[in-house]
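Undergrad: Please see the structure below; I have some questions.
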Amino acid sequence: MKLFGMLMEKEDIEPNESTYSTFIKGLCKIGDITKAVQLLRSMEKWNYRPTVVMYSTIIDSLCKDGNIDDALSLLSEMRGSHIVPDVVTYTSLIHGLCISERWEDATRMLKDMIELNIFPDVVTFSMLVDSLCKERRTEDAEGILGIMIRRGEKPNVITYNALIDGYCLQGQMKKAKEVFNSLVDKGLEPDIRSYNILINGFCNKMNLDEAMDLFREIPCKGLKPATETYNTLLKGLLEVGNVIQ
């Protein structure tokens, strides 16, 4: 910032958009969002117009810090300046709303995106599905998955892992296994994360036979058990008193 001031005041060198963008990104990284916003608004002095990337960078930082209302105010400011938000802007806001457990607002934000022809990508959808599942709102997550498929966005294994995890958290192991088994039909292959989630779910339900069957299946699928896999099984076996298997 000292160098920035020196260049402008002593050598009369005007900053450009790249200068501002670099500073805003750096300030957000160190958590000085207030100064980043001040810098954004000072651009008018040099007749520069803030870009969607600059706004999105600050909005993302605000959302990660839990300042979702400030982020929403910045979104309104963007629109007022006729700067169109993009998928990155909306993804950050939806994530922030999910963290704040403002589910209705998050769903409304998703619908706003679609109405504005700003198409959510697989990252946006998967993040929303994951957040809803963590709150045991699997029906709502299924609804988002339906919107995703209708919009022509293909869910990936990360999306389905989130749904499997949601059913496991609710103890609905039959539904979790159905989603797991449906992956191949959808042209996807379960990864080690898929197995870990399902094994953990069966261990929590004290169904160690199913958990062990899944564990034995892992190498047959060309996968390698992770430390998490072994830790989950060890914990499950010890809880049922099986120290021999």
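The values are calculated or read from the model by the stated rules, or taken from the named source; none is laboratory data. This is a predicted model, so every value here is computed, not measured. Methodologically, a virtual Cβ is constructed for each residue, glycine included, from the backbone with ideal geometry; neighbour enumeration extends over all protein chains shown. In case anyone asks, the SASA skips ligands and DNA or RNA and just uses the protein heavy atoms, side chains included. Shrake-Rupley method; radii C 1.70, N 1.55, O 1.52, S 1.80 Å.
Undergrad: Specify the residue that is least open to solvent (accessible area, probe 1.4 Å); the eligible residues are those in region 202-245 that are modelled with pLDDT of 90 or more and of a type in the set (S, T, N, Q).
TA: THR229
Undergrad: Let me ask another. I need the full set of residues from region 87-104 which are at pLDDT 90 or above and open to solvent by less than 50 Å² (accessible area, probe 1.4 Å), in order please.
TA: VAL87, THR89, TYR90, THR91, SER92, LEU93, ILE94, GLY96, LEU97
Undergrad: (1) outside any loop (DSSP other than H, G, I, E, B); (2) open to solvent by 20 Å² or more (accessible area, probe 1.4 Å); (3) modelled with pLDDT of 85 or more: which one isn't true of TYR55, the others all being true?
TA: (2)
Undergrad: Looking at region 145-159, which of its residues are of a type outside the set (Lys, Arg), assigned to a helix (DSSP H, G or I) and either open to solvent by 10 Å² or more (accessible area, probe 1.4 Å) or without any contact (Cβ under 8 Å) to a residue 24 or more places away in the chain (or both)?
TA: Selection gives LEU145, GLY146, ILE147, ILE149, VAL157, ILE158.
Undergrad: Only one of these conditions is not met by ASP60: (1) among the acidic types (Asp, Glu); (2) surrounded by fewer than 16 Cβ atoms within 10 Å (Cβ to Cβ); (3) touching a residue at least 12 places away in the same chain (Cβ under 8 Å); (4) within 25 Å of MET109 (Cα to Cα). Which number is it?
TA: Unmet for ASP60, out of (1) among the acidic types (Asp, Glu); (2) surrounded by fewer than 16 Cβ atoms within 10 Å (Cβ to Cβ); (3) touching a residue at least 12 places away in the same chain (Cβ under 8 Å); (4) within 25 Å of MET109 (Cα to Cα): (2).
Undergrad: Scan region 170-215 residue by residue and report those that are among the charged types (D, E, K, R) and under 15 Å from THR227 (Cα atoms).
TA: The answer is ASP191, ARG193.
Undergrad: Something else about it: Just the residues that are of a type in the set (Gly, Ala, Ser) and either in contact with a Pro (Cβ under 6 Å, 6 or more places away or on another chain) or within 22 Å of CYS168 (Cα to Cα) (or both), please, taken from region 104-135.
TA: Within region 104-135, SER126, SER131 qualify.
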